[in-house]
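Before any comments, here is the structure.
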Amino acid sequence: MSALRSTTELGLSPDYTGKVRDMFDLGDRYLIVATDRISAFDVIMDEVVPGRGVVLNVMTLAWLARFADVPNHLISADVGSFPAPFDRFDAELGGRSVLVRKAERFPVECVVRGYIAGSGWKSYQKDGTVCGYQLPDGLRLADRLPEALFTPSTKAEEGHDENITYEEVVALIGTEYAVALRDLSLRLYGAGAEHAEPHGVILADTKFEFGLIDGQIALIDEVLTPDSSRFWPTQQYIPGEEPPSWDKQILRNHLETLDWNKEPPPPELPSEVLARTSRRYHEVLEILFPAEAARWQKYL
Ligand SMILES: Nc1ncnc2c1ncn2[C@@H]1O[C@H](COP(=O)(O)OP(=O)(O)OP(=O)(O)O)[C@@H](O)[C@H]1O
Ligand SMILES: [Mg+2]
């Protein structure tokens, strides 16, 4: 395993850097590299979580393979097939990079919630609703919802995403696309939850992104990863309590013990916190997709 903070370390110049991904604009395609950067409270840490980007990317590939009937943006995850100069970096980019078709993104984050947590819980506590859905009284934190709900949010260029109602999605992209994205999101969430369940994992909620490729709706970005989803261990699931999530929780808990104002610059992180966080990411991949974890082992 080689940790990667930025593709600039390889002498490459990304056209766009997100919190996690470095993107190279190749005309009608993107080369997307999932680095080992990690953010918390929207601040990117100085240190990396080794292998995190590989876990996120391999998990996305595993889900895309399961959802073979849904069009997606993937062209290749094989570094040897990438255009020059990227094809020279198998050891550095392998397992964490994909060549994809550029999509015209829908300006909506397609969130699905099967359980109530996070911003959904906050909204419910305020007025008993989530994204315009009236929910039953008396729900506890982390309770399962009577049925999974499509609870979209805006894709904010800056700052936090905001929850919106389904009607607002219709206003943004039109009824036809709104129906299609909602139904597809609910279906994929259901399939994901069904896969996770026998592994002792609850898929509490998730966020999908879709775009148009050649006029067709396609699944893009990351899919059902710990960054885009809440995975809870069934064995430790107790409604009313915050379940231990397979994500940045170790890091967040550590940061909460510090006297840090959650503005840059980030505090220095102990290597032990980074190592435990890294193990946590690897763990959920191995639990959900042991075969894929084995196949990509040399990069993990
Ligand atoms: N095929 C695609 N076509 C166009 N845009 C894409 C495609 N696949 C992914 N993207 C976009 O690429 C970006 C990936 O970058 P990254 O995930 O690092 O940043 P971010 O989404 O801003 O941050 P975060 O995920 O931490 O909120 C996202 O904005 C995503 O919408
Ligand atoms: Mg993202």
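The values are calculated or read from the model by the stated rules, or taken from the named source; none is laboratory data. Keep in mind that this is a model prediction, so the values were computed, not measured. Positions of Cβ are generated from backbone atoms using ideal geometry, with glycine treated the same way; all protein chains shown enter the neighbour counts.
Listed values, structure above:
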quantity: Number of positions in segment 213-231 that are out of contact with any helix residue (DSSP H, G or I) (no Cβ under 9 Å at 6 or more places or on another chain) and within 14 Å of ligand 2 (Cβ to nearest atom); calculated: 1
quantity: In segment 176-195, residue farthest from Cys131 (Cα to Cα) [restricted to those that are under 17 Å from the mean Cα position of the chain (by Cα) and of a type in the set (Ser, Thr, Tyr)]; calculated: Tyr189
quantity: Any hit, segment 225-237, residues being more than 16 Å from ligand 1 (Cβ to nearest atom) and either of a type in the set (A, V, I, L, M, F, W, C) or surrounded by 21 or more Cβ atoms within 10 Å (Cβ to Cβ) (or both); calculated: yes
quantity: Asp25 being at positive phi and either within 13 Å of ligand 2 (Cβ to nearest atom) or surrounded by fewer than 18 Cβ atoms within 10 Å (Cβ to Cβ) (or both); calculated: no
quantity: Among the residues listed as Ile116, Ile75, the single one being in contact with a Lys or Arg (Cβ under 7 Å, 6 or more places away or on another chain) and of a type outside the set (Asp, Glu); calculated: Ile75
quantity: Test: Val111 is within 16 Å of ligand 2 (Cβ to nearest atom), part of a strand (DSSP E or B), assigned by TED's automatic domain parsing to the domain that holds Ala218 and within 24 Å of Leu224 (Cβ to Cβ); calculated: yes
quantity: Exclusive hit being touching a helix residue (DSSP H, G or I) at 6+ places or on another chain (Cβ under 8 Å), under 19 Å from Thr206 (Cβ atoms) and modelled with pLDDT of 95 or more, set Leu285, Leu269; calculated: Leu285
quantity: Residue list for segment 4-38, restricted to those being polar (S, T, N, Q) and part of a strand (DSSP E or B); calculated: Thr17
quantity: Single residue of segment 123-180 satisfying the filter (touching a residue at least 60 places away in the same chain (Cβ under 8 Å) and not basic (Lys, Arg)) that is surrounded by the most Cβ atoms within 10 Å (Cβ to Cβ); calculated: Val169
quantity: Per-region count, segment 249-274, residues charged (D, E, K, R) and more than 20 Å from Pro226 (Cβ to Cβ); calculated: 4
quantity: Which numbered condition Glu268 misses (of (1) more than 19 Å from Val55 (Cβ to Cβ); (2) in a helix (DSSP H, G or I); (3) touching a residue at least 24 places away in the same chain (Cβ under 8 Å); (4) not aliphatic (A, V, I, L, M)); calculated: (2)
quantity: Filtered residue count, segment 189-224, keeping only those that are within 16 Å of ligand 1 (Cβ to nearest atom) and more than 21 Å from Arg52 (Cα to Cα); calculated: 10
quantity: Where a residue in segment 219-238 is free of Cβ contacts under 8 Å to residues at least 40 places away in the same chain and its partner, wherever it lies, is assigned to a loop (DSSP other than H, G, I, E, B) and away from ligand 1 (no atom under 12 Å from the Cβ), with Cβ under 8 Å and at least six apart; calculated: Pro233/Gly200; Pro233/Pro243; Pro233/Pro244; Pro233/Trp246; Thr234/Gly200; Gln235/Gly200; Gln236/Pro243; Gln236/Pro244
quantity: Breaking point among (1) of a type in the set (Phe, Trp, Tyr); (2) touching a helix residue (DSSP H, G or I) at 6+ places or on another chain (Cβ under 8 Å); (3) over 26 Å from Gly192 (Cα atoms); (4) modelled with pLDDT of 95 or more, for Tyr16; calculated: (2)
